[in-house]
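Scroll down for the structure; my scribbles are underneath it.
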Amino acid sequence: MHILVTGAAGFIGSHTVLELIEANKGYTVFCVDNCSNAVADSNGNAICLNRVSQIVNKPIPFKNLDLCDGSALEPIFKEQKFDAVIHLSALKSVAESIAEPLEYYSNNILGCLNLVKMCLKYNVTNFVFSSSATVYGPPEELPITEKSQTGKGITNPYGQTKYMSEQIMMDVAKANPNWNLIILRYFNPVGAHKSGLIGEDPKGTPNNLMPYVSQVAVGKLEVLTIHGDTFDTIDGTGVRDFIHVVDLAKGHVQALERFKNPIETEIYNLGTGVGYSVKQMVEAFEKVTGRKIPTKIGEARKGDVASVFCDPKLAEEQLGWKAELGLEDMCRDLWNWQTKNPKGFM
Ligand code: WQD
């Protein structure tokens, strides 16, 4: 199968490209990204994909393009016959989306619309969409299953764009029965490939917990602010379903297997099913790295909920996929990446 991977130069994208190739299932990839959230070399190639190429010892075909520019997108569909698309590209910062809603709606929705239009025009019938647990809003009950309510109480434009994109594509799939759609809802991806050559490289100050923790540990940041310690959880701090990014990437490889036969739209939670608190994550990281993480308690972030974790049973049953890496692996691999790349991909 020849796979178009959008957002391939991102944290999830680069790891997914790597696992597609290492799966040795005959997948060939073509990668696109506008590198708005990735570091490019002097030739305009994403450094993280150069690293993937180094790991797999194969060239990684890449084109720097923006999905919002429909005229840039169509030539690759004319030149190549794609058997499936894995659509990962999107702006993904919750805080930034609140400050720049129009940027998020236009980039994430228009990019998705342009891509789906090209798929229908060029008869690319298999589509994997990178969605997020954010679409569930504040969970009514735990664990979250694929049947849990979505679309209510989403507190930020980023989450709204993921929810709206899901709705758009599910309607397209209903109107085009030969178009096979799989939606993957990610929980909290952390960690890095064991080589330490690729990993999460947030622009500016990290919004997310574990990149922040690792930057404190390496001395880039001074202290971790724990956003609230009065939640109704084991120790008062927020609980999340942290999943190793390599496990997450492998979930995409398994999802492609479903396209061997025509499918109705399928939705899967990609998480471990186990929730860990902020304090538990910090303690795990300190234990693995031997580094002390100075912390202080701050206000809870607006919209933050106490606990979010999923029931990953459906993915296990239908995709034959289950997260295999645990907290120690996440912390060890994150630290290996951070210490080998204190300045990220610069
Ligand atoms: C996790 C926990 C914070 C930073 C978001 C998006 C979600 C997905 C993952 C894209 C919470 C606490 C965090 C810090 C802290 N992104 N925290 N100090 O909010 O669960 O999910 O990122 O798909 O869509 O919503 O992840 O890592 O920001 O927070 O105490 O400096 O860590 O309060 O309890 P979150 P997070």
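The values are calculated or read from the model by the stated rules, or taken from the named source; none is laboratory data. Note that this is a predicted model, so its numbers are computed, not measured. Glycine gets a Cβ as well: all are built from the backbone with ideal geometry, and neighbour counts include every protein chain shown.
When the residues of the stretch 75-92 are filtered to those that are closer than 21 Å to P211 by Cβ and buried (at least 21 other Cβ atoms within 10 Å of the Cβ), which remaining residue is nearest to the ligand (Cβ to nearest atom)?
First, the residues of the stretch 75-92 that are closer than 21 Å to P211 by Cβ: 88-92.
Right, trim to buried (at least 21 other Cβ atoms within 10 Å of the Cβ) and you get 88-90, 92.
Numbers: L88: 10, S89: 13, A90: 8, K92: 5 Å.
Filtering first and then ranking leaves K92.
Going by what's in this entry, would F30 be described as surrounded by 17 or more Cβ atoms within 10 Å (Cβ to Cβ) and more than 19 Å from the chain's Cα centre (by Cα)?
no
If you check every pair at least six apart or on different chains, which have Cβ atoms under 8 Å apart with a residue in the stretch 272-284 that is touching a residue at least 40 places away in the same chain (Cβ under 8 Å) and within 12 Å of T295 (Cβ to Cβ) first and a residue that is within 11 Å of the ligand (Cβ to nearest atom) and part of a helix (DSSP H, G or I) second?
From the stretch 272-284, the pairs are V278/L209; M281/L209; M281/M210; M281/V213; V282/V213.
Considering only the stretch 154-170, state which residues are over 12 Å from L181 (Cβ atoms), modelled with pLDDT of 95 or more and either of a type in the set (V, I, T) or surrounded by fewer than 18 Cβ atoms within 10 Å (Cβ to Cβ) (or both).
I154, T161 - these are the residues of the stretch 154-170 that are over 12 Å from L181 (Cβ atoms), modelled with pLDDT of 95 or more and either of a type in the set (V, I, T) or surrounded by fewer than 18 Cβ atoms within 10 Å (Cβ to Cβ) (or both).
Kindly list the number of the only condition in (1) of a type in the set (A, V, I, L, M); (2) within 27 Å of V253 (Cβ to Cβ); (3) within 16 Å of the ligand (Cβ to nearest atom) that fails for A95.
Going through the list (1) of a type in the set (A, V, I, L, M); (2) within 27 Å of V253 (Cβ to Cβ); (3) within 16 Å of the ligand (Cβ to nearest atom), A95 breaks only (2).
Conditions (1) within 16 Å of the ligand (Cβ to nearest atom); (2) within 20 Å of the chain's Cα centre (by Cα); (3) at pLDDT 95 or above, marked per residue:
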| residue | (1), (2), (3) |
| --- | --- |
| K117 | no, no, yes |
| F129 | yes, yes, yes |
| A133 | yes, yes, yes |
| P138 | yes, yes, yes |
| E146 | no, yes, yes |
| T150 | yes, yes, yes |
| P177 | no, no, yes |
| I183 | yes, yes, yes |
| G196 | no, yes, yes |
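Only one of D171, D229, D235, D241 is closer than 18 Å to S132 by Cα and charged (D, E, K, R); which?
D241
Within the stretch 227-235, does at least one residue satisfy the condition of being more than 11 Å from the ligand (Cβ to nearest atom), more than 14 Å from E283 (Cα to Cα) and either in contact with a Leu (Cβ under 7 Å, 6 or more places away or on another chain) or without any contact (Cβ under 8 Å) to a residue 12 or more places away in the chain (or both)?
no
Within the set of pairs 6+ apart or on separate chains, which have a first residue in the stretch 189-202 that is closer than 14 Å to K92 by Cβ, a second that is modelled with pLDDT under 95 and of a type outside the set (A, V, I, L, M, F, W, C), and C-beta atoms under 7 Å apart?
D201/G344
Residue check, L224 against (1) surrounded by 15 or more Cβ atoms within 10 Å (Cβ to Cβ); (2) on the phi > 0 side of the Ramachandran plot, all met but one. Which one?
(2)
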